[in-house]
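The values are calculated or read from the model by the stated rules, or taken from the named source; none is laboratory data. Owing to the predicted nature of the structure, the values given are computational and were not obtained by experimental measurement. Backbone-built Cβ (ideal geometry, glycine too); neighbour counts: all protein chains shown.
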2 protein chains.
Amino acid sequence: MFGTREGAHYLGEGHCRFSVWAPHHKSVEVHLIDEDSFFPMREEKKGHFLLEIEGVRPQDLYTYRVDGARQLPDPTSLHQPYGVHGPSAVVDTRRFCWQDHEWSGIDWEDLIIYQLHVGTFTPEGTLDAIISQLPYLSSLGITAIQLMPVAQFAGTRNWGYDGVFPYAVQDSYGGPAALQRLVNACHEQGLAIFLDVVYNHLGPEGNVLPQYGPYFSDKYCGPWGRALNFDGPHSDEVRRYFVNNAIHWVRDFHVDGLRLDAIHGVFDQSAVPFLQELTKEVRCVAHTNRRRVWVIAESDLNDPRVLLPASDQGLGMDGQWNDDFHHALHAVLTGESDGYYRDFGQIEHIRQALDCGYVYSGQYSPYRQRRHGAPLGPDLCRRLVVFSQNHDQVGNRQQGERLAELVSQEKYYLAAGAVLLSPFVPLLFMGEEYGEKAPFLYFTSHSDDELIERVRQGRQREFSDFSWPGDTPDPQATETFRRSCLRLPHGHKERDQSKCLQLYRSLVAWRSYLRPLRAQVSVGGDPQMHIWLRFRRDEQDFFLILNYVPERLAVTFPPGRWQKRLDTSNDSWPLPPGKKGDRFVFDSERVEGYSLQLYEKMGGTDPA
Amino acid sequence: MFGTREGAHYLGEGHCRFSVWAPHHKSVEVHLIDEDSFFPMREEKKGHFLLEIEGVRPQDLYTYRVDGARQLPDPTSLHQPYGVHGPSAVVDTRRFCWQDHEWSGIDWEDLIIYQLHVGTFTPEGTLDAIISQLPYLSSLGITAIQLMPVAQFAGTRNWGYDGVFPYAVQDSYGGPAALQRLVNACHEQGLAIFLDVVYNHLGPEGNVLPQYGPYFSDKYCGPWGRALNFDGPHSDEVRRYFVNNAIHWVRDFHVDGLRLDAIHGVFDQSAVPFLQELTKEVRCVAHTNRRRVWVIAESDLNDPRVLLPASDQGLGMDGQWNDDFHHALHAVLTGESDGYYRDFGQIEHIRQALDCGYVYSGQYSPYRQRRHGAPLGPDLCRRLVVFSQNHDQVGNRQQGERLAELVSQEKYYLAAGAVLLSPFVPLLFMGEEYGEKAPFLYFTSHSDDELIERVRQGRQREFSDFSWPGDTPDPQATETFRRSCLRLPHGHKERDQSKCLQLYRSLVAWRSYLRPLRAQVSVGGDPQMHIWLRFRRDEQDFFLILNYVPERLAVTFPPGRWQKRLDTSNDSWPLPPGKKGDRFVFDSERVEGYSLQLYEKMGGTDPA
């Protein structure tokens, strides 16, 4: 069957089909732990072992015994109820009773993504606990949530990028059934759900893949150690393993999209790139299931080929995170110029990001010490995902400060508007909508002392580029994790009545009203002070002003009679369509320092 | 100035401009050795040192003294008269009096390339000695010679792929002036000249580049050790160094094309690939100089993007060596199935190569243990370069046997015809045209004992995939080099009167007559036995039969009246247009085993 993963397939009525690719071994046996029996697998073709067993129940624990000696968990394990070092469990993914038959996904143009980390989003830190928050998220107006990786990692505290069982759902988050429940609940709420998946490396603890086969390359040394083998001998099987993983989440877990972590860590010289194949197959599964499924890359390459279709030799991805937008905005608002922020800091950089997508599209980057990027066409620009904060941009600071800790309220509101009213897909980081102050720090819970020390030191090294004072919090300390949990997570009055949340609600509502990704957009302004964007669609005509300086500015308007709809420097913000006021702007208007203002044209002539 | 290399530029009248990129150093001085004076260079911008000195003469020896301590030759040295460990010499490349103003190059469709190794082609082993052979090569009918790399390597005996001064012409070959004389003489004879250049690694002895700057990457581990830095910090300068090298040969040495060694060893994740930039700039220089210059890649990737234009996200190369064609032909004719030959061995593979260019265009390759390649469009097929022998395919055999040693005369003639009448650009390996029997072995002349031993062992390891008997000849032994020199190089009667040479002359002449790359080509046949190609252009209509089995075969012809023009199983071969015989073929004909036959249509109907 197309895209059938390996691993344990529970077929019903006690039948279970086990299959594993184990080219490093001569023999493989299934060990059913409860009854302590060993079942030798058949080598169907070289390196591929298969066996169907009767009398198996879902939840049964098993391992593979290789060459009559070592016992290992299944590389395609769906559940590790006792963690990465324990046995795997049989899961009947088809047992779940889906209620989302009417659901077909969300249009690209309507995406407003909310990124969250399962362990810190709620006090419980589970997938099920998120369900109770869905009405709140829905009322905020976002249209999709995006989970940081849920693949099984060592211990209970981790961002998720140290996953070692790409098919298993973290036991401490609730395991695979909990993810199905959450996806189903999202769809019932009208929310899409994206999963963050890591196809560029595996975590440092509990990784059994190298014991089974040549999953890793010796040709490339990625930023996280040995890169995966996507173009060497046996790479067909390795590619299949990860392509099937993507299909697995889409088909068996109904997810609406995947965010592929750091594809610049995927090294692949083959004539048909792995990522191109993956995108194509995911799209095919989505079509077959009549659903919209989006594949979004995190990429540090500023390379249009990520987004170009396969027919134009691209990877054919639907979207890509645009760090340049973040860095441009962050550097201007905070004045920071350490590390990668040295490439940014001028309002002109923000204008370039708004106009051209990438700020670096071939120019020399002082931080990278080389030219960087290539120009993105205007159509591809619309496929970028932007944010003023995310797990990396907050969490990869030494003290994990959120933007709310770094800038004034007026700047914070300006940043929110710049993201939410941009002609890109906006992404919010959990808690930013009400100005959460808890830091988001890097945390782990490894069990190996040497590794723990290595991670500690690596973390300290990472900040050597920056001139931040103070000690680096210990990633392994429980306290570091605890401090990173949201302080105002649950239907808390302080949260629900915060001014900030009101602004976010208004901005999200205005975004849904003016629909920047469906409008004709033009960008302009004074590169030293402010930027304007004009959105035109059918009869609608909006003029958005972003003032990036503290001074009150006089801004010239396009011809017409304009009515102000939103002003971040005000104290309250209407929801669209909003009652029509009486005061109109003709020609020009003075706007507050560090503010965002949205005007709608109510008539008048426009020669353009 | 566009594409201006660094190094010593002799400006005339004793003025010389020295420049070097040395970011690893705080100070650089030019040391003029004859007068034993040191001249501190100015740091123009970070890492870039510059100085103009008076009183310098061409041939003057110099080194760079870095940080007041070590003296090193110039990384952009044009001449190392005392070898890789000696000083560099100032060269006035503009002193040479070119006589090739009328020359503008050769059309792609007319290329017939003759590959030669300078050291073993003539008894003298020099560039100048080749000049005396040009009338012979010209009379053979080839249109271009291609030199194996001439960049300065350690010692006097080397294939050239261990070069360490990419801008210098090997001292023992005669240095840069000799190359200019040879190019000029080629052009006067109406021959184009290609240079083999190595942009994927540097040789193991005498490489000073890492002492000057970050020329090497720590991200990729190529097949020849550390890969060059084409996408990391400071890669702009590294790329510029090699792009300028390509321009250097085209502009200052008038070469008509470059053969880029093993581009699968060029690792580059940047949004604008180094090789795309290089091809573009070479093309620009060629246009400016109103000459046709061809960039041809050796590539193991079977990737159409090598040949696709930059506007379609390709590297935009003009041509690419097609090893698949060689392997298919070689495996069928020799029956060998070791190493990479295991992927070939069926006549159908030859048909695929003729029809589709790549044999592997996405299929599983047992040798590579993964799927390999992507399909090449019919237009791009014409950009492939094919051969039945080359330095690698002969020299990378343990005993360096040429095809003439491995197969019968009838098969040898068939191979010659299959290459020379193919719808690709044919390449001959020196000596194959008269059936030279001397082996072409791997030889070196390093000076470091440990390296010598390492190369010996590496060579032995390389043959572990093959079941060849006997010892691996010692690469370092003078005898190994001596045995590899052509036995019949100089206007030797035995050579000039050889039957084989007559056949080659005839085949080359027929190629020039029927011009397969300008014709409409169709391919067919019986995949177990023979292949036919039909070439149609204007009024011409040729039918070529390649019989790959020992039996006499009955072959069905397309409708018409056909006259035989060439039959490799005959004892002599006419030159085109050839006197018209009386015997015509209608419908079908019996053709000899292991033979190639060329028929021309002399009338009759053809419904097609």
- Task: Considering every residue within segment B:506-526, establish whether at least one is outside the structural domain of B:Gln352 (by TED's automatic domain parsing), in a loop (DSSP other than H, G, I, E, B) and farther than 24 Å from B:Leu333 by Cβ.
- Result: yes
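Could you please let me know if B:His201 is touching a Gly at 6+ places or on another chain (Cβ under 9 Å) and facing chain A (nearest Cβ under 9 Å)?
It is false that B:His201 is touching a Gly at 6+ places or on another chain (Cβ under 9 Å) and facing chain A (nearest Cβ under 9 Å).
Would you point out the residue of segment B:238-276, among those that are without any contact (Cβ under 8 Å) to a residue 24 or more places away in the chain and out of contact with any Ser or Thr (no Cβ under 9 Å at 6 or more places or on another chain), that is nearest to the other protein chains (Cβ to nearest Cβ)?
The residue in question is B:Val272.
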- Query: Mind checking which pairs have a first residue in segment B:166-182 that is not assigned by TED's automatic domain parsing to the domain that holds B:Phe253 and a second that is assigned to a helix (DSSP H, G or I) and surrounded by fewer than 21 Cβ atoms within 10 Å (Cβ to Cβ), Cβ under 7 Å, 6 or more apart or different chains?
  - Reply: none
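Which one is surrounded by the most Cβ atoms within 10 Å (Cβ to Cβ) among residues in segment B:219-237 that are facing chain A (nearest Cβ under 10 Å) and in contact with a Gly (Cβ under 8 Å, 6 or more places away or on another chain)? Please lay out each step first, then the result.
So the first thing to find is which residues in segment B:219-237 are facing chain A (nearest Cβ under 10 Å), and the list is B:219-223, B:227, B:229-237.
Imposing the further condition that a residue be in contact with a Gly (Cβ under 8 Å, 6 or more places away or on another chain) reduces the set to B:219, B:222-223, B:227, B:234, B:237.
Numbers: B:Lys219: 18, B:Gly222: 18, B:Pro223: 12, B:Ala227: 23, B:His234: 17, B:Glu237: 20.
Once the filter is applied, the top-ranked residue is B:Ala227.
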- Query: When segment A:33-62 is examined, which residues are found to be free of Cβ contacts under 8 Å to residues at least 40 places away in the same chain, buried (at least 19 other Cβ atoms within 10 Å of the Cβ) and in contact with a Ser or Thr (Cβ under 7 Å, 6 or more places away or on another chain)?
  - Reply: A:Phe49
- Query: If you scan segment A:293-314, which residues turn out to be in a helix (DSSP H, G or I), facing another protein chain (nearest Cβ under 7 Å) and within 15 Å of A:Val266 (Cα to Cα)?
  - Reply: A:Arg305
- Residue count, segment B:216-228 (criterion: out of contact with any strand residue (DSSP E or B) (no Cβ under 6 Å at 6 or more places or on another chain) and over 25 Å from B:Glu462 (Cβ atoms)): 1
- Of the criteria (1) surrounded by fewer than 19 Cβ atoms within 10 Å (Cβ to Cβ); (2) assigned to a loop (DSSP other than H, G, I, E, B), which one A:Gly203 fails: (1)
- Task: Output yes when any residue across segment B:277-292 is assigned to a strand (DSSP E or B), more than 20 Å from B:Gly373 (Cα to Cα) and away from every other protein chain (no Cβ under 13 Å), and no when none is.
- Result: no
- Candidates B:Asp312, B:Asp268, filtered to the one that is over 27 Å from B:Thr4 (Cβ atoms) and out of contact with any strand residue (DSSP E or B) (no Cβ under 7 Å at 6 or more places or on another chain): B:Asp312
- Query: Just checking, how many residues over segment B:315-369 are modelled with pLDDT of 95 or more and not in a helix (DSSP H, G or I)?
  - Reply: 27
- Mind checking whether some residue in segment B:505-516 is in contact with a Lys or Arg (Cβ under 8 Å, 6 or more places away or on another chain) and farther than 20 Å from B:Ser569 by Cβ? yes
- Among the residues of segment B:341-360, write down those that are surrounded by fewer than 20 Cβ atoms within 10 Å (Cβ to Cβ) and within 14 Å of chain A (Cβ to nearest Cβ). B:Arg342, B:Cys356
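Looking at B:Leu191, is it of a type outside the set (Asp, Glu), more than 13 Å from chain A (Cβ to nearest Cβ) and surrounded by fewer than 22 Cβ atoms within 10 Å (Cβ to Cβ)?
Working: of a type outside the set (Asp, Glu): yes; more than 13 Å from chain A (Cβ to nearest Cβ): yes; surrounded by fewer than 22 Cβ atoms within 10 Å (Cβ to Cβ): yes.
Considered against the rule, which asks whether it is of a type outside the set (Asp, Glu), more than 13 Å from chain A (Cβ to nearest Cβ) and surrounded by fewer than 22 Cβ atoms within 10 Å (Cβ to Cβ), B:Leu191 comes out as yes.
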- Residue count, segment B:370-397 (criterion: part of a helix (DSSP H, G or I) and either more than 14 Å from chain A (Cβ to nearest Cβ) or surrounded by 23 or more Cβ atoms within 10 Å (Cβ to Cβ) (or both)): 8
- Those residues of segment B:360-406 which are under 25 Å from B:Arg518 (Cα atoms) and acidic (Asp, Glu), in sequence order: B:Asp379
- Message: So, in segment A:111-165, exactly how many residues are in contact (Cβ under 8 Å) with a residue 40 or more places away in the chain, acidic (Asp, Glu) and out of contact with any helix residue (DSSP H, G or I) (no Cβ under 7 Å at 6 or more places or on another chain)?
- Response: 1
- Looking across segment B:315-331 at residues that are acidic (Asp, Glu) and under 22 Å from B:Phe344 (Cβ atoms), the single one that is nearest to the other protein chains (Cβ to nearest Cβ) is B:Asp324
- Query: Within the bounds of segment A:26-46, is there any residue that is hydroxyl-bearing (Ser, Thr, Tyr) and closer than 24 Å to A:Trp249 by Cα?
  - Reply: no
- Task: Test A:Thr120 against the stated conditions and say whether it is surrounded by fewer than 24 Cβ atoms within 10 Å (Cβ to Cβ) and either polar (S, T, N, Q) or within 26 Å of A:Asp300 (Cα to Cα) (or both).
- Result: no
- Which condition breaks for B:Tyr504 when tested against (1) buried (at least 17 other Cβ atoms within 10 Å of the Cβ); (2) over 21 Å from B:Leu111 (Cα atoms)? (2)
- Identify the residue in segment A:112-132 that is within 14 Å of A:Gly431 (Cβ to Cβ), of a type outside the set (Val, Ile, Thr) and in a loop (DSSP other than H, G, I, E, B) and, among all such residues, is modelled with the highest pLDDT. A:His117
- Message: I'm trying to understand the selection: among the residues of segment B:461-498, which are in a helix (DSSP H, G or I), within 13 Å of B:Gly395 (Cα to Cα) and not β-branched (Val, Ile, Thr)?
- Response: B:Glu462, B:Phe463, B:Phe481, B:Arg483, B:Ser484
